[in-house]
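The values are calculated or read from the model by the stated rules, or taken from the named source; none is laboratory data. Keep in mind it's a predicted model, so treat the numbers as computed, not measured. No Cβ is skipped: glycine too gets one built from the backbone with ideal geometry, and neighbour counts run over all protein chains shown. Just so you know, the surface numbers come from the protein's heavy atoms only, side chains and all, with ligands and any DNA or RNA stripped out. Shrake-Rupley method; radii C 1.70, N 1.55, O 1.52, S 1.80 Å.
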Amino acid sequence: MKVNLKNREFNSRIIGTVVGTIGGVSSVLSFLDFSVTFRFRMLCALIALGVCYYFWLLYKANHLGSLTLEYGESEIEIKQGDIFSKEYKTEEMIRVFAFNEYFDTQVDDNIISKRSLNGQFIQKEVKSVEQLDADILKDNHLGRNIEKEHPHRIQGRKHTSYKLGTIYKYSDNVFLTAMTYFDDENRANLTIQEYISFLMNFWDEINSFYAGRTVVITLLGNGITRLDNNIYSSNQILEIILWTFYLRRIKFRKPAELVILLDKNTNNKINYYMIRSMFNGLQK
């Protein structure tokens, strides 16, 4: 159970409302000419309704499957979805795929897993990997965000790493971003400080490039087993994404919005009630 009977925030909000309602009705009844038996029965009925209302709201809190947050002029929609579906392949939307610091494109289950989102993107949507590699190499924006050259890198075709959070515009509607470092064994790794730094730079890049369109991302960083030894839950990853978005003061003016898509398994793990309590209503 995501929201249990001991949840203080839930109890303080709901029990306070229920008790206040019962107290108000009881006060009104005390001024009316009813028998003691009738008043007692009414009080019992109100308490029973209050208990039913409490458990109904508890059920709803545990079965929230999506959420829309308002932040200033921005709207953030969090829900289950597939970034490869036609729904998100429109001119009004920008889909973002996360790559490693080299923007590697070698899908061989060693450098890039065939099941990963960037692996699926390359297999499904990239017509020429060689052309993509050439375009990345000569991209002016990436050229201004080179972090280091690695001439002795053994595996992987690429030797230039880029600042985390840097965006490469694959097309007007698809952005690629450098999200993870790769160690000598081609394993993605990040500390929490590096992850937050990535997100802060990523939002700055998005703010420069999105041009008033809806931005569609997945739960960036979720599933990286070497993000500080995998001590962060999906819920905590989502919280970090939202906090950095707020801290960067991004303005997605409507109808543009930020959409965060989750797979079914991850979506079932998210405590939407807690996320809503933490973030809804925050203003600049």
Pairs returned, first residue in the stretch 207-234 that is within 16 Å of Asn265 (Cα to Cα) and touching a residue at least 40 places away in the same chain (Cβ under 8 Å), second residue that is aromatic (Phe, Trp, Tyr) and open to solvent by less than 50 Å² (accessible area, probe 1.4 Å), beta-carbon separation under 6 angstrom, 6 or more apart or interchain, are Gly221/Tyr195
Going through the stretch 259-270 one residue at a time, which ones are under 9 Å from the mean Cα position of the chain (by Cα) and either farther than 12 Å from Gly65 by Cα or open to solvent by 10 Å² or more (accessible area, probe 1.4 Å) (or both)?
-> Val259, Ile260
Restrict the check to the stretch 221-234 and report whether at least one residue is open to solvent by 30 Å² or more (accessible area, probe 1.4 Å), under 16 Å from the mean Cα position of the chain (by Cα) and at pLDDT 95 or above.
-> no
Considering only residues of the stretch 136-159 that are in a strand (DSSP E or B) and of a type outside the set (Lys, Arg), which is farthest from Phe182 (Cα to Cα)?
-> Ile146
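For every residue, the table says whether it meets (1) without any contact (Cβ under 8 Å) to a residue 24 or more places away in the chain; (2) surrounded by 16 or more Cβ atoms within 10 Å (Cβ to Cβ); (3) assigned to a loop (DSSP other than H, G, I, E, B).
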residue: Arg41; (1), (2), (3): yes, no, no
residue: Gly50; (1), (2), (3): no, yes, no
residue: Tyr54; (1), (2), (3): no, yes, no
residue: Leu57; (1), (2), (3): no, yes, no
residue: Thr90; (1), (2), (3): no, no, yes
residue: Arg95; (1), (2), (3): no, yes, no
residue: Arg115; (1), (2), (3): yes, no, yes
Across the stretch 72-87, what is the total count of residues that are touching a strand residue (DSSP E or B) at 6+ places or on another chain (Cβ under 9 Å) and either farther than 20 Å from Asn118 by Cβ or outside any loop (DSSP other than H, G, I, E, B) (or both)?
-> 8
Near pairs, Cβ below 6 angstrom, 6+ apart or cross-chain, from the stretch 118-130 (surrounded by 14 or more Cβ atoms within 10 Å (Cβ to Cβ)) to any residue that is outside any loop (DSSP other than H, G, I, E, B) and not β-branched (Val, Ile, Thr) | Asn118/Phe97; Asn118/Phe99; Phe121/Phe97; Val126/Leu132
Hits in the stretch 206-248 (condition: within 26 Å of Asn186 (Cα to Cα) and among the acidic types (Asp, Glu)) = Asp228
Hey, Ser277 hits all of (1) surrounded by fewer than 18 Cβ atoms within 10 Å (Cβ to Cβ); (2) of a type in the set (Ser, Thr, Tyr); (3) at pLDDT 90 or above but one; which does it fall short on?
-> (3)
If we ask which residues in the stretch 214-242 are under 25 Å from Gly65 (Cβ atoms), of a type outside the set (Ser, Thr, Tyr) and not in a helix (DSSP H, G or I), their number turns out to be 9
